[in-house]
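One structure is given below, encoded as structure tokens.
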Amino acid sequence: MSATPVIGQWSHDQYLEQVLAFHGHTAPGVVIGGYMVEAARRALPEGVLFDAVSETVQCLPDAIQLLTPCTIGNGWLRVYNLGIFALTLYDKHTGKGVRVKLDAELLRAYPDVRSWFLKEKPKKEQDSDAIARQIREGGFNMLSSAPVQIHPDILARQGKGPVTRCPDCGEYYPARFGDRCRLCQGNGPYEHWNK
């Protein structure tokens, strides 16, 4: 097999190794996500500084973090739980970018990938070898893309702003969240927690 880069700096097989190390297994969504990130990056002008959007919380954020400098931690990757298997890379100054999606119509040529994507069979009944083979064969041919313009509100960077101490629990939080921290307002993930 050629050592020519296919996904970022890696061949397909090298990318699979990176996915395994980062994600824990070679999930079809992260593998396809690699092709999606690469397709979006190729569509951007050379040298543009970009940010990223993932329209799902599953798999795509990991592909973006593996292949770009955009991470959740540095704020260059925004994840929206829209449940759509699409991502966007865009110029962080102008907001002009490209949105890439896994296209169900194009997946008709890759029936096992389509069945996986549309959840037509329970996971235990899916042929993971056939899915992996079809992803390798299909690559970029399973994707469609379109230009987008990011909303100006998204481009405006919001810093943390002033920080204040919650009178209920003593935690420090951004003052813009109100007179109490979000946990004490009941907006946290915990049913019970020690203040």
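The numbers here are math on the coordinates, done by the rules we state, and not lab data. Treat the numbers as computed from the prediction; the structure is a model and nothing was measured. With ideal geometry, Cβ positions are generated from the backbone for all residues, glycine too; neighbour counts draw on all protein chains shown.
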- [ ] Report the antiparallel proportion of the DSSP beta bridges in the chain as a percent, rounded to a multiple of 5.
- [x] 90 percent
Task: Cα-centre dipole for the chain with unit charges at Cβ (Lys and Arg positive, Asp and Glu negative), debye to 20 - done: 520 debye
- [ ] Neighbouring Cβ atoms within 10 Å as the yardstick, rank 102, 44 fewest first.
- [x] 44, 102
- [ ] Mind telling me which of 167, 45, 122 comes out most flexible in a GNM of the chain, alpha-carbon contacts under 10 Å?
- [x] 167
Task: Value of [θ]222 nm, deg cm²/dmol, for the chain, DSSP H segments ≥ 4, -39500 (n - 2.57) each, nearest 500 - done: -8500 deg cm²/dmol
TODO: Mind sorting 32, 84, 64 by how few other Cβ atoms lie within 10 Å of their own Cβ, fewest first?
DONE: 84, 32, 64
TODO: List the lysines whose Cα lies under 29 Å from the Cα of residue 160, skipping any in the same chain that are fewer than 8 positions away.
DONE: 92, 96, 195
Task: Compactness of segment 62-195 - radius of gyration and Dmax, Cα, Å - done: 20.9, 59
TODO: Give the angle, between 0 and 90 degrees and rounded to the nearest 10, that separates the Cα long axis of helix 12-23 from the longest principal axis of the Cα atoms of the chain.
DONE: 30 degrees
Open item on the list: Loop-only GluC sites (Glu not before Pro) in segment 111-195, please: DSSP not H, G, I, E or B, and at most 15 other Cβ atoms within 10 Å.
Closed with: 120, 171, 191
Task: Hull shadow area, averaged, segment 32-87 [alpha-carbon convex hull, nm²] - done: 3.5 nm²
- [ ] Provide 23, 93 in ascending order of the number of other Cβ atoms located within 10 Å of each residue's Cβ, fewest first.
- [x] 93, 23
Task: Top of 48, 98, 31 by mean-square fluctuation, Gaussian network on the chain, Cα under 10 Å - done: 48
Task: Per-pair calculated FRET efficiency, R0 = 41 Å: residue 72 and residue 179 via Cβ, rounded to 0.05 - done: 0.90
Task: Extension reserve of the residue 187-residue 160 stretch, reckoned as 0.36 nm per residue once the Cα distance is removed - done: 7.9 nm
Task: Selection from 185, 100, 126, by position along the positive dipole direction of the chain (Cβ) - done: 185
Task: segment 1-135 - Kirkwood radius from inverse mean 1/r over Cα pairs (Å) - done: 15.3 Å
Open item on the list: Give me the dipole magnitude in Debye, nearest 20, for segment 49-150 about the Cα centre, with unit charges on the beta carbon: positive for Lys and Arg, negative for Asp and Glu.
Closed with: 120 debye
- [ ] Tabulate in residue order the Karplus-calculated ³J(HN,Hα) for segment 108-113, using 6.51 cos²θ - 1.76 cosθ + 1.60 with θ = phi - 60°, rounded to whole Hz; enter x for Gly and Pro.
- [x] 4, 7, 10, x, 6, 5
